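Written out below as structure tokens is the structure these notes cover.
Readers should treat all values here as calculations from the given coordinates under stated rules, not as data from a laboratory. In this text, all values refer to a predicted model and were calculated from it rather than measured experimentally. Positions of Cβ are backbone-derived with ideal geometry, glycine not excepted, and every protein chain shown enters the neighbour counts.
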Amino acid sequence: MTSERTTSEAFDRGLETRREVLGDAYVDKALAGADDFNWPMQELTTEYCWDHIWNRPGLDRRSRSILNLGMIAALNRGHEFKAHIRGALTNGVTREELREVLLQIAVYVGVPAGVDSFRLAKEVFAEIDGFQG
């Protein structure tokens, strides 16, 4: 960031949730890349997505992760999809369950989205398992 910024309570709560789901490294990288131009997007994402939605009591984090994977796959946002594969694992979704989610994505979003989703998930698994590929 190029200047010191104050944050709201919603930002602070959202940042805590964002870090718990996506991990410090991912969030630190996103925040480090923020400047005066795109800082408002970091605020919007952190306050609204990660506090006002992710911290609502109606669904658990595991369910929210599964929903996000389907929506993000439909939007063809690979970078975010990979982040949320990691988040889903953090939130208790097993690799076997992820396989089922990805098969459902293939049927309802389309086979190309399913193929890409499996490819991206394998990349994340390789990173987690320490394999090059």
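A P(r) calculated from all alpha carbon pairs of the range 9-58, with 5 Å bins opening at zero, reads 5, 24, 31, 26, 11, 3, 1 percent.
Which net charge results when you count Lys and Arg as +1 and Asp and Glu as -1 among the other residues whose beta-carbon is under 11 Å from that of Glu47?
So the environment of Glu47 carries a net charge of -2.
Only Cα pairs under 8 Å and 6+ residues apart enter the sum, and on that basis the relative contact order of the chain stands at 23 percent. The simple spin-label model puts a point 7 Å past each Cα toward its Cβ; for Thr90 and Asp36 those points are separated by 3.1 nm. Taking 0.36 nm per residue of separation and subtracting the Cα-Cα distance, full extension of the segment from Val107 to Glu9 would add 31.2 nm. Evaluating 6.51 cos²θ - 1.76 cosθ + 1.60 at θ = phi - 60° for every residue in the range 102-110, the Karplus couplings come out as 5, 5, 5, 4, 4, 6, 8, 9, x Hz, glycine and proline recorded as x.
Pick out, from Ala73, Ile53, Gly33, the residue whose Cα sits farthest towards the positive end of the charge dipole of the range 1-81, with +1 on the Cβ of Lys and Arg and -1 on the Cβ of Asp and Glu. The residue sitting farthest along the positive end of the dipole is Ala73.
Potential lengthening of the chain between Thr45 and Phe131 amounts to 27.8 nm, from the contour at 0.36 nm per residue minus the alpha-carbon distance. Have a look at Leu22, Leu98, Leu44 and tell me which one the Gaussian network model of the chain (Cα, springs below 10 Å) gives the largest fluctuation. Residue with maximal mean-square fluctuation among Leu22, Leu98, Leu44: Leu44. Extents of the chain, largest first, come to 44, 37, 25 Å (Cα atoms, principal axes, whole angstrom).
Here the chain is treated with +1 on each Lys and Arg Cβ and -1 on each Asp and Glu Cβ, and its dipole about the Cα centre works out to around 500 debye.
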